[in-house]
Amino acid sequence: IYVIGSKRAFPVTTYLSLTLSQQGVRNVLVDNVGSTALDQVGCITPRDAVLAVSFSPYNSITPDLVAVAHERKARILAITDSTFSPLAKLSDTWLEVVEQDFGGFRSLAASLAVGMALVHGVVARRTD
């Protein structure tokens, strides 16, 4: 599972990647350290899955990376905040999560909760 998200979504993807690892699920956190994100997704195949997270205002790197995964026929699940998200049209499935806004600061609580539910679903499916 490739886990992709940047800027405000990065804490969500980091925590989901950590939790997947703790549960023994192999994953790649696409962190873009040293501007290597395109290299990190360069090995995606149709056998891979992608969990992408992005919120408005959308940056360009996450949709660009998801587009690479889409071109390579990976299965893509996105957590995003709108039908108009650039991830919606690239994803096989997407979940809409709208966070509460506190005077310009948006919470990540709902996104983390949805992401954790997905992680637990993956773990449960693998142990069946």
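The values are calculated or read from the model by the stated rules, or taken from the named source; none is laboratory data. As the structure is a computational prediction, the values presented were derived from the model and not from experiment. Every residue, glycine among them, receives a Cβ derived from its backbone with ideal geometry; neighbour counts consider all protein chains shown.
Some values worked out for this structure:
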{"item": "Hey, Val50 within 11 Å of the chain's Cα centre (by Cα) and hydrophobic (A, V, I, L, M, F, W, C) or not", "result": "yes"}
{"item": "Pair list, Cβ under 6 Å, 6 or more apart: region 1-18 residue in a helix (DSSP H, G or I), other residue among the hydroxyl-bearing types (Ser, Thr, Tyr) and buried (at least 17 other Cβ atoms within 10 Å of the Cβ)", "result": "Ala9/Ser54; Val12/Ser111"}
{"item": "Test: residue in region 93-115 that is assigned to a helix (DSSP H, G or I), touching a helix residue (DSSP H, G or I) at 6+ places or on another chain (Cβ under 8 Å) and farther than 16 Å from Val12 by Cα", "result": "no"}
{"item": "Region 6-51 - residue that is of a type in the set (D, E, K, R) and surrounded by 14 or more Cβ atoms within 10 Å (Cβ to Cβ) and, of those, nearest to Arg126 (Cα to Cα)", "result": "Asp48"}
{"item": "Of the criteria (1) surrounded by fewer than 20 Cβ atoms within 10 Å (Cβ to Cβ); (2) without any contact (Cβ under 8 Å) to a residue 40 or more places away in the chain; (3) in a loop (DSSP other than H, G, I, E, B), which one His120 fails", "result": "(3)"}
{"item": "Residue satisfying all of: in region 43-61; touching a helix residue (DSSP H, G or I) at 6+ places or on another chain (Cβ under 6 Å) and of a type in the set (S, T, N, Q); nearest to Ala88 (Cα to Cα) among these", "result": "Ser54"}
{"item": "Residue satisfying all of: in region 91-113; hydrophobic (A, V, I, L, M, F, W, C) and touching a strand residue (DSSP E or B) at 6+ places or on another chain (Cβ under 6 Å); surrounded by the fewest Cβ atoms within 10 Å (Cβ to Cβ) among these", "result": "Leu95"}
{"item": "Residue, modelled with the highest pLDDT, within region 81-112, restricted to residues that are touching a Lys or Arg at 6+ places or on another chain (Cβ under 8 Å) and either at positive phi or charged (D, E, K, R) (or both)", "result": "Asp92"}
{"item": "Selection status of Leu18, out of contact with any Ser or Thr (no Cβ under 9 Å at 6 or more places or on another chain) and of a type in the set (A, V, I, L, M, F, W, C)", "result": "yes"}
{"item": "Unique match (being more than 14 Å from Arg8 (Cα to Cα) and without any contact (Cβ under 8 Å) to a residue 60 or more places away in the chain) among Leu38, Leu51, Leu65", "result": "Leu38"}
{"item": "Considering residues of region 59-90 that are over 11 Å from the mean Cα position of the chain (by Cα) and closer than 21 Å to Val33 by Cβ only, the residue surrounded by the most Cβ atoms within 10 Å (Cβ to Cβ)", "result": "Ala69"}
